[in-house]
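So the structure is just underneath, and the comments pick up after that.
Just so it is clear, none of the values below were taken in a lab; they were calculated from the coordinates. Since this is a predicted model, take the numbers as computed values, not measurements. Backbone-built Cβ (ideal geometry, glycine too); neighbour counts: all protein chains shown.
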Amino acid sequence: MDEAEAAPRWPARRKAVVFRDGLAIAMLAYRPVRRKNLAMMRLGRHLMKVSGRWQIVFAPEETKTRAPYEAVLPEALGPRLERYLDVHRPVLLRGEQKDGNPGNRPVHPELDAVWISQSGTQLMAEDLGFQIFVRTRREFGRGLFPHMFRDCVATAVAIDNPKHIGDASLILGHADHSTTEKHYNHARSLDASRRHAAMLASLRESLKANGNR
């Protein structure tokens, strides 16, 4: 998002695309909803501002687990979201300005989808997931699909704060703790492996210091 805002020579549409992708990645990092839910977001229905705070809301019939989902976005993300909605989303809504649509008119002025494609239409789940993969691979050296953000949350909580592993279920919107428990077991196994490797490395250094190889 910062790169998009700081690029004076970029066309407005390119800035809008990069900012959009950055916002989607940041939103997944804070609130890792499923790809289908991320892509289906509608303003005023799934994404709304209540008492000065932005909230994500999905009805039971809209989630995989058939459980309602509600989450408040962190205050740090609010200004970025509003910047996208006020500046960059309108640019995307204008599309490529071809086929008899000159000027600054939106292609679909009534469209309430949060994520807009370059052609001024709703960005489909597959395309949004691919954009996130390409952008993360370019920036971080490894591409991440949306579901991997969910895996990261569960594993991170299991490693860093195992006493509160139930928090991961709440963050991810799991109907029960069985899925989160799998991540917990995986994280514990990784942690044990790392401790074992560290112990062997320490023992090896100790033997070397004593002249043993």
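A few points about this structure:
- Remark: C-alpha extents of the range 2-143 on the principal axes read 44, 37, 30 Å, sorted largest to smallest.
- Residue-count net charge about G143 - beta-carbon cut-off 13 Å; Lys, Arg +1, Asp, Glu -1: +2
- Extension gain for R9 to V57 (0.36 nm times residue separation, less C-alpha to C-alpha distance): 13.5 nm.
- Among H46, H147, the order by Cβ neighbours within 10 angstrom, fewest to most, reads H147, H46.
- Applying a DSSP loop filter and a limit of 16 other Cβ atoms within 10 Å to the GluC sites (Glu not before Pro) in the range 22-126 leaves E96, E110.
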